[in-house]
């Protein structure tokens, strides 16, 4: 019996969780066609079902192509949710990724799809890094971990990145998970477009009675522009601008006199 | 005069409340771009401010020219799906603009408010003010706003989308806009105050942005509305001012020729308010602040109207009280000890 318990625990804790990642781009960093199909890979996702939810929470069919899930434009603007689920009775798994797509205005706030219950156990971005923002290294990101809609306090969450970082995190009493995205990019070049984004994956686990739940949230994160944007130099130039302004005023005053 | 009757004080209160709402208002409207009030606001609210309630029309226009129209023209594909987003942005802007016309500048713009507050601080510090700029200088400055609109908001983003210029010029006005720095600093962010060393182009743009911000900080202390005079939003307003519901009208009399107080009061140095004999005196540089109406000493000569409904009409009693209040504010006259008087 002891062996059975050990195997069961080990199976749960050692189970490779499934998660979404972008499919390798065919050419360079991808073209500029905003309506082109986007490819995603469901890692360790054998046997999983998946669906694409649009901002109005309707399910949209997605195609598989060479092992990749191809997400085509739905004609609707804003965030969509790519959700994979798998269950064998005792273990329920889910993987979520949010994708921004271009199209006609959906008329919905992204808060709706973010807050919609897509699986029993969920990691909800609070908020997601919106359109003019990105997840950046060396910055904090906030999430809520929820089980059947209710927040889970003091729950362990693992984070790992494709740049090799691993962290063990915990939600606070309000179920809030504060993630410090690591500064783990290497060979950083100046300029946002010169650096490929990395991926971070959050994994949460929860047990409830006889059932176990695993969920992952994955997203890209980018090099922090602080590597080539200097705030202190900016402040210095502002002061220089003020000095120039002072000179302009003094010279105008002398002319008037 | 009672503070609540002073149009300038009312305007300041509206400006302050609007500033707070635009800078911090995501608490009420929501965090995401789709939550914002319009996404095409006719004043310089900024999307780079994480807490903003809305963002200005110049942001989506630059992005659409650079990422949509330019590449579409380059590819030879120019269908409805390409022009619809830009049309939607412009229509949204016009629908809002019709409601308040150029009063978006004089009553709601965060950067305009900031410059006026600095001016008030300069007055209180008794700094030597330049009340009116030389008319030749004003004439030289006026075309700059059209250049800002034409080059920075339209041409360079389009050229970037067509591949003629680099990515740095995809949204050049945003890169130099002082409101981006102001509103993000007000929201507690330092990430918009920087020198970008990733390329020569980005470095030059960031140097221009920070230098201009510093210039505005100092010039605003002793000069009225330094950035407003060259703002591309002012130019965009000027294009549509005939369709706005708020009007500025003048019933010219012969007394106007010997007066000129309206032009002296105008923070944008629009001399034509004084010299014009036309009914419609809503000139391209006007921000509908209403000071010309406040400082007109004659009854019914100047009026601000909402469609046909007068909002503020010049009145000699109001002028007298307002003039006294202004002198008390500037320290040229001691406040009256009698209650109810300035």
Count of region A:219-247 residues which are in contact with a strand residue (DSSP E or B) (Cβ under 8 Å, 6 or more places away or on another chain) and facing chain B (nearest Cβ under 7 Å): 6
Among the residues of region A:166-181, which ones are in a loop (DSSP other than H, G, I, E, B) and over 13 Å from residue A:200 (Cα atoms)? A:171, A:172, A:173, A:174, A:175
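Listed here are the residues, each with its yes/no results for (1) at pLDDT below 90; (2) surrounded by 14 or more Cβ atoms within 10 Å (Cβ to Cβ).
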{"residue": "A:6", "(1), (2)": "yes, no"}
{"residue": "A:10", "(1), (2)": "yes, no"}
{"residue": "A:24", "(1), (2)": "yes, no"}
{"residue": "A:57", "(1), (2)": "no, no"}
{"residue": "A:67", "(1), (2)": "yes, no"}
{"residue": "A:75", "(1), (2)": "yes, yes"}
{"residue": "A:89", "(1), (2)": "yes, no"}
Tell me whether region B:66-76 contains one or more residues that are surrounded by fewer than 21 Cβ atoms within 10 Å (Cβ to Cβ) and either away from chain A (no Cβ under 12 Å) or in contact with a strand residue (DSSP E or B) (Cβ under 6 Å, 6 or more places away or on another chain) (or both). yes
Does residue A:250 satisfy the criteria of being surrounded by fewer than 16 Cβ atoms within 10 Å (Cβ to Cβ), within 7 Å of chain B (Cβ to nearest Cβ) and part of a helix (DSSP H, G or I)? no
Selection count, region B:190-209, where residues are part of a loop (DSSP other than H, G, I, E, B) and within 7 Å of chain A (Cβ to nearest Cβ): 6
Can you find a residue that is surrounded by 20 or more Cβ atoms within 10 Å (Cβ to Cβ) and part of a loop (DSSP other than H, G, I, E, B) anywhere in region A:207-221? no
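Every residue, every condition in (1) more than 20 Å from the chain's Cα centre (by Cα); (2) closer than 30 Å to residue B:222 by Cβ, yes or no:
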site: B:31; (1), (2): yes, no
site: B:37; (1), (2): no, no
site: B:43; (1), (2): no, yes
site: B:46; (1), (2): no, yes
site: B:59; (1), (2): no, no
site: B:71; (1), (2): yes, no
site: B:80; (1), (2): yes, no
site: B:97; (1), (2): no, no
Quick one: in region A:40-55, of everything that is surrounded by 14 or more Cβ atoms within 10 Å (Cβ to Cβ) and farther than 18 Å from residue A:199 by Cα, which residue is nearest to the other protein chains (Cβ to nearest Cβ)? A:55
Take residue A:160 and decide whether it is touching a residue at least 24 places away in the same chain (Cβ under 8 Å) and either more than 14 Å from chain B (Cβ to nearest Cβ) or closer than 28 Å to residue B:84 by Cβ (or both). yes
Name every residue in region A:12-22 that is surrounded by fewer than 15 Cβ atoms within 10 Å (Cβ to Cβ) and either assigned to a loop (DSSP other than H, G, I, E, B) or at pLDDT 75 or above (or both), in order of residue number. A:15, A:16
Are any of the residues in region A:180-196 surrounded by fewer than 15 Cβ atoms within 10 Å (Cβ to Cβ), modelled with pLDDT of 95 or more and over 27 Å from the mean Cα position of the chain (by Cα)? no
With respect to residue B:215, is the statement that it is over 21 Å from residue B:18 (Cβ atoms), surrounded by fewer than 19 Cβ atoms within 10 Å (Cβ to Cβ), in contact with a helix residue (DSSP H, G or I) (Cβ under 6 Å, 6 or more places away or on another chain) and within 7 Å of chain A (Cβ to nearest Cβ) true? no
Is at least one residue of region B:222-229 surrounded by 21 or more Cβ atoms within 10 Å (Cβ to Cβ), on the phi > 0 side of the Ramachandran plot and more than 10 Å from chain A (Cβ to nearest Cβ)? yes
Among the residues that make up region B:109-116, is at least one of them free of Cβ contacts under 8 Å to residues at least 24 places away in the same chain and assigned to a helix (DSSP H, G or I)? no
Subset of region B:210-240, residues closer than 30 Å to residue B:91 by Cβ and in a helix (DSSP H, G or I), comes to B:228, B:229, B:230, B:232, B:233, B:234, B:235, B:236, B:237, B:238, B:239, B:240
Given (1) part of a loop (DSSP other than H, G, I, E, B); (2) surrounded by fewer than 22 Cβ atoms within 10 Å (Cβ to Cβ), where does residue B:185 come up short, assuming only one miss? (1)
State which residue is farthest from the other protein chains (Cβ to nearest Cβ) when the search covers only region A:108-150 and only residues that are in a strand (DSSP E or B) and surrounded by fewer than 17 Cβ atoms within 10 Å (Cβ to Cβ). A:150
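To keep it simple, each residue is scored yes or no on (1) crowded, with 19+ Cβ neighbours inside 10 Å; (2) in a helix (DSSP H, G or I); (3) at positive phi; (4) within 12 Å of chain A (Cβ to nearest Cβ).
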{"position": "B:18", "(1), (2), (3), (4)": "yes, yes, no, no"}
{"position": "B:28", "(1), (2), (3), (4)": "no, yes, no, no"}
{"position": "B:39", "(1), (2), (3), (4)": "yes, no, yes, yes"}
{"position": "B:47", "(1), (2), (3), (4)": "yes, no, no, yes"}
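The values are calculated or read from the model by the stated rules, or taken from the named source; none is laboratory data. The structure presented is a predicted model; accordingly, all values stated were derived computationally and were not measured. For neighbour counting, all protein chains shown are included, and Cβ atoms are generated from backbone atoms with ideal geometry for every residue, glycine included.
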